[in-house]
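The values are calculated or read from the model by the stated rules, or taken from the named source; none is laboratory data. Note that this is a predicted model, so its numbers are computed, not measured. Heads up, the Cβs are rebuilt from the backbone with ideal geometry, glycines too, and the neighbour counts pull from every protein chain shown. The area values use the complete protein model at the heavy-atom level, side chains included, leaving out ligands, DNA and RNA. Shrake-Rupley method; radii C 1.70, N 1.55, O 1.52, S 1.80 Å.
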Amino acid sequence: SELIRGFLLSGMPSPNSCPPGLLALMAPGLALIATFSLPSQAGDRRALPAEKPPGVKGRTLILLDVNTKSPVRIISENFLSLQLDPSIIHDGWLDFLSSRRLVTLARGLAPAFLRFAGKRTDFLQFHNVKNPAKSRGGPGPDYYLKNYEDDIVRSDIALDKQKGCKIAQHPDIMLELQREKAAQMHLVLLKEQFSNTYSNLTLTARSLDKLYNFADCSGLHLIFALNALRRNPNNSWNSSNALSLLKYSASKKYNISWELGNEPNNYRTLIGRSVNGSQLGKDYTQLRSLLQLIRTYSRAHLYGPNIGRPRKNVIAFLEGFMKVAGGTVDAVTWQHYYIDGRVAKVTDFLKTRLLDTLSDQIRKIQKVVNTYTPGKKIWLEGVGMTSAGGMNNLSDSYAAGFLWLNTLGLLASQGIDVVVRHSFLDHGHNHLVDQNFNPLPDYWLSLLYKRLIGPKVLAIHVAGLQRKPRPGRVIRDKLRIYAHCTSYHNHNYVRGSITLYIINLHRSRKKIKLAGTLRDKIVHQYLLQPYGKDGLHSKSVQLNGQPLAMVDDGTLPELKPRPLRAGRTLVIPPLTMSFYVVKNVNALACRYR
């Protein structure tokens, strides 16, 4: 016991005095993950040598300390960001972004980026017209379409009379009609998605106004992805429509960052004609020149190329892009979906093998980026728990949160600057908010993350009792712990406090004893569990035993912690996610921004 106590009180040991297993824990890429069973890449690495402290029974006690002297990573203030898919033009939800309830929910996740992009990005055309009733396309039930369109026009007229942030209170009957329309369009959108054949989509000037109004009212910075599939005969990018959009946005003084295209490595499957990485790099250089000609956007940020999963051919695409435009973009972006939404099962979200798939992708992207532009920021854009629009009662349930929270922890620990969640509001089941404008479990998880987690990432030190691996069998981590400085925006905690967030995938509870710099400190617990009889399939959650719901359209609930007495062992229930704020640590790494 004295050995463990001395280790935890002494801070970070030197490499020469460190057991091999602990050295791996302290490696930059894994510094944040507490490996209580061996990770996939560890092979047959031995467990940490540790004696059982006096009076401690069982095999589940873990001793935990945090290096409070300096952060191992510093990520963006906008680390957790959001995406809206252009399909909201097709199904009509874009007209309802001015809803007070939606703006309230989005404000809860600010500061953040709002990326307007998706599969239909490269079929989007800008049309500078104002009258939505005459320009809107898409089917709708004939018996209500005319009245529905008239309601939209009346709503637009009312919004135009408002100054500054424009907020609408839509009547219930209007929302009900919209849900009917969206349900019909959902079938059309799914058919397009599964056939990989997309129809052209028109974005009017008024629709762009509504999109920007939503971002601005919510405290989000808009990133707009332009259509990259408008091509000249020589396969170079045709920028004429993009220039029209840029000029209109500049005339309105809209503060927007830009991208070009979405998952360009898949263009051959979309249109039968490919665009290679070097050509897209030239297109980005052309877009940068275009932005510099427009005073409003001469210093605008540009992100890309938003490639898909980094397989061999995609890595070659990225290399071609980086050779030409690595210095043109402000961050390099890619996207990732964990599971095919058509075949997902609830047990998939509990598989540690699945949680670990992202690590290999990060290494591949970082290797290419650091070869051509060392130190360039990397973003994961368009991340979703499942592809193909997700699956009802799975990708929108409590169970999906295990993947989402681990994604946040893993990306932060490996220095990925921003992660963009697909999607805030969508026609599928990967969204944070459903079509009744009710927040789903991943929304509440994201809200807690925003309220409690700051941009400084800290290394953790652990000692505990581990299972020994059987020959030929890899034991993966079912208990994952990450640590950050507590958010500076949270005025309930003084600077110097630390927040832990923990994922327990075990079907039994686990015990954690805080030691070293965390010893005998008061802790605030935020335990997130499913609410109701549906268990892991639940679309409702409870915080410390109290169900979470909006107070009204303009008010989010207070997120009340459960104070734990100083020195108390943390007991982590099975199959749960939780946050723990360790108060008044006075951590040197966390005192200053």
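What the table shows:
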quantity: Residue in region 330-349 that is part of a helix (DSSP H, G or I), touching a strand residue (DSSP E or B) at 6+ places or on another chain (Cβ under 7 Å) and among the aromatic types (F, W, Y) present; calculated: no
quantity: Test: residue in region 401-417 that is open to solvent by 20 Å² or more (accessible area, probe 1.4 Å), under 16 Å from I339 (Cα atoms), touching a strand residue (DSSP E or B) at 6+ places or on another chain (Cβ under 9 Å) and modelled with pLDDT under 95; calculated: no
quantity: The one condition in (1) crowded, with 22+ Cβ neighbours inside 10 Å; (2) of a type in the set (V, I, T); (3) touching a helix residue (DSSP H, G or I) at 6+ places or on another chain (Cβ under 6 Å) that T285 fails to fulfil; calculated: (1)
quantity: Among residues of region 485-528, those that are in contact with a helix residue (DSSP H, G or I) (Cβ under 7 Å, 6 or more places away or on another chain), within 16 Å of K583 (Cβ to Cβ) and part of a strand (DSSP E or B), counted; calculated: 6
quantity: Condition met for G532 (in contact with a Ser or Thr (Cβ under 6 Å, 6 or more places away or on another chain) and in a loop (DSSP other than H, G, I, E, B)); calculated: yes
quantity: Pairs, first on the phi > 0 side of the Ramachandran plot in region 246-263, second open to solvent by less than 20 Å² (accessible area, probe 1.4 Å) and not aromatic (F, W, Y), C-beta under 6 Å, six or more apart; calculated: G261/D122; G261/A228; E263/G308
quantity: In region 69-99, the residues that are modelled with pLDDT of 95 or more, open to solvent by 20 Å² or more (accessible area, probe 1.4 Å) and not small (G, A, S); calculated: K69, P71, V72, R73, I74, E77, N78
quantity: N235 within 27 Å of the chain's Cα centre (by Cα) and among the polar types (S, T, N, Q); calculated: no
quantity: Complete set of residues in region 104-120 that are buried (at least 22 other Cβ atoms within 10 Å of the Cβ), modelled with pLDDT of 95 or more and outside any loop (DSSP other than H, G, I, E, B); calculated: L105, A106, A112, F113, L114, R115, F116
quantity: Condition met for S244 (under 30 Å from A106 (Cβ atoms), open to solvent by less than 10 Å² (accessible area, probe 1.4 Å), among the hydroxyl-bearing types (S, T, Y) and not in a strand (DSSP E or B)); calculated: no
quantity: Hey, Y526 within 21 Å of the chain's Cα centre (by Cα), surrounded by fewer than 21 Cβ atoms within 10 Å (Cβ to Cβ) and not polar (S, T, N, Q) or not; calculated: yes
quantity: So D209, is it open to solvent by 10 Å² or more (accessible area, probe 1.4 Å), assigned to a helix (DSSP H, G or I) and either closer than 30 Å to F96 by Cα or in contact with a strand residue (DSSP E or B) (Cβ under 6 Å, 6 or more places away or on another chain) (or both); calculated: yes
quantity: Of all residues in region 175-200 being of a type outside the set (G, A, S) and open to solvent by less than 10 Å² (accessible area, probe 1.4 Å), the one that is nearest to S155 (Cα to Cα); calculated: Q178
quantity: Listing of strands (runs of 3 or more DSSP E) fully contained in region 543-588 that carry 1 or more residues being farther than 17 Å from L109 by Cβ, in contact with a Gly (Cβ under 9 Å, 6 or more places away or on another chain) and open to solvent by 30 Å² or more (accessible area, probe 1.4 Å); calculated: 562-564
quantity: Residue check for V314: in a helix (DSSP H, G or I), open to solvent by less than 10 Å² (accessible area, probe 1.4 Å), touching a helix residue (DSSP H, G or I) at 6+ places or on another chain (Cβ under 6 Å) and among the aliphatic types (A, V, I, L, M); calculated: yes
quantity: Selection from region 223-241 of residues that are surrounded by 22 or more Cβ atoms within 10 Å (Cβ to Cβ) and in contact with a helix residue (DSSP H, G or I) (Cβ under 6 Å, 6 or more places away or on another chain); calculated: A225, L226, N227, A228, W237
quantity: Residue that is surrounded by the fewest Cβ atoms within 10 Å (Cβ to Cβ) [pool: residues in region 288-311 that are among the charged types (D, E, K, R) and touching a residue at least 24 places away in the same chain (Cβ under 8 Å)]; calculated: R295
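Yes/no per residue for (1) over 17 Å from L102 (Cα atoms); (2) at pLDDT below 90:
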{"site": "Q184", "(1), (2)": "yes, yes"}
{"site": "A215", "(1), (2)": "no, no"}
{"site": "R231", "(1), (2)": "yes, no"}
{"site": "N234", "(1), (2)": "yes, no"}
